[in-house]
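Reviewing the structure listed below.
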Amino acid sequence: MPWFVWLLAAGVLGAAEFFTLTLVFGLLAGAALVAAVVAGVGIGLLGQLVAFGVTAAVGLLIVRPVALRQMAKAPLTREGSDALIGKRAEVMQEVTATRGLIKISGEEWSARALDESLVIPVGALVDVMEIEGATAVVYPRELLP
């Protein structure tokens, strides 16, 4: 029955990981599963403890730092409206500090000028500098450095 105790410990550690999201308890739960398999094969308590300890050490010292580093990286692609930032657009209706209409990637968006003193004429090419709700904040391409 020692395999059942390890399996129970793995379940408890897995539940703790669910609530903490630290990767520590999850890796210890995995180590407990390895110890449960070792116990199920019939190896004694010392072998089970060694299997648990080695698996836990490998997980905490090697796997966890790599996983944390990968999770800290920013996604390579932007999604949703964030993907429109930096895109080129064409002015469909004159763009001022308060209103206008542009066409980005085949879609029409409400727009306003980044520089409040600018009035961007119809047909001008602009770059999307940011998105505020459903409004693109734009700046004329010819004025960019």
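Annotation: Thr55 fulfils all but one of (1) within 30 Å of Ala39 (Cα to Cα); (2) touching a residue at least 12 places away in the same chain (Cβ under 8 Å); (3) of a type in the set (Val, Ile, Thr); (4) open to solvent by 70 Å² or more (accessible area, probe 1.4 Å); the unmet one is (4).
Looking across the range 92-101, just one residue is within 19 Å of Ser81 (Cα to Cα) and buried (at least 18 other Cβ atoms within 10 Å of the Cβ), and that is Gly100. For first residues located in the range 2-27 and within 29 Å of Gln70 (Cα to Cα), partners that are surrounded by 17 or more Cβ atoms within 10 Å (Cβ to Cβ) and among the aromatic types (Phe, Trp, Tyr) and lie 6+ apart or on another chain with Cβ distances below 7 Å form the pairs Leu13/Phe25; Ala16/Phe25; Glu17/Phe25.
Residue by residue, here is whether (1) touching a residue at least 60 places away in the same chain (Cβ under 8 Å); (2) part of a loop (DSSP other than H, G, I, E, B); (3) open to solvent by 40 Å² or more (accessible area, probe 1.4 Å); (4) touching a Pro at 6+ places or on another chain (Cβ under 7 Å) holds:
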{"position": "Lys103", "(1), (2), (3), (4)": "no, no, yes, no"}
{"position": "Ser110", "(1), (2), (3), (4)": "no, no, yes, no"}
{"position": "Glu116", "(1), (2), (3), (4)": "no, yes, yes, no"}
{"position": "Gly123", "(1), (2), (3), (4)": "no, yes, yes, no"}
{"position": "Val128", "(1), (2), (3), (4)": "no, no, no, no"}
{"position": "Ile131", "(1), (2), (3), (4)": "no, no, no, no"}
{"position": "Ala136", "(1), (2), (3), (4)": "no, no, no, no"}
{"position": "Glu142", "(1), (2), (3), (4)": "no, no, yes, no"}
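Checked against (1) surrounded by 14 or more Cβ atoms within 10 Å (Cβ to Cβ); (2) under 31 Å from the mean Cα position of the chain (by Cα); (3) of a type in the set (A, V, I, L, M), Ala35 meets all criteria but (2).
The values are calculated or read from the model by the stated rules, or taken from the named source; none is laboratory data. Being a predicted model, the structure only gives us computed values, none of them experimental. We place every Cβ from the backbone using ideal geometry, glycine too, and count neighbours over all the protein chains shown. Surface areas here come from the heavy atoms of the whole protein model, side chains and all, with no ligands, DNA or RNA. Shrake-Rupley method; radii C 1.70, N 1.55, O 1.52, S 1.80 Å.
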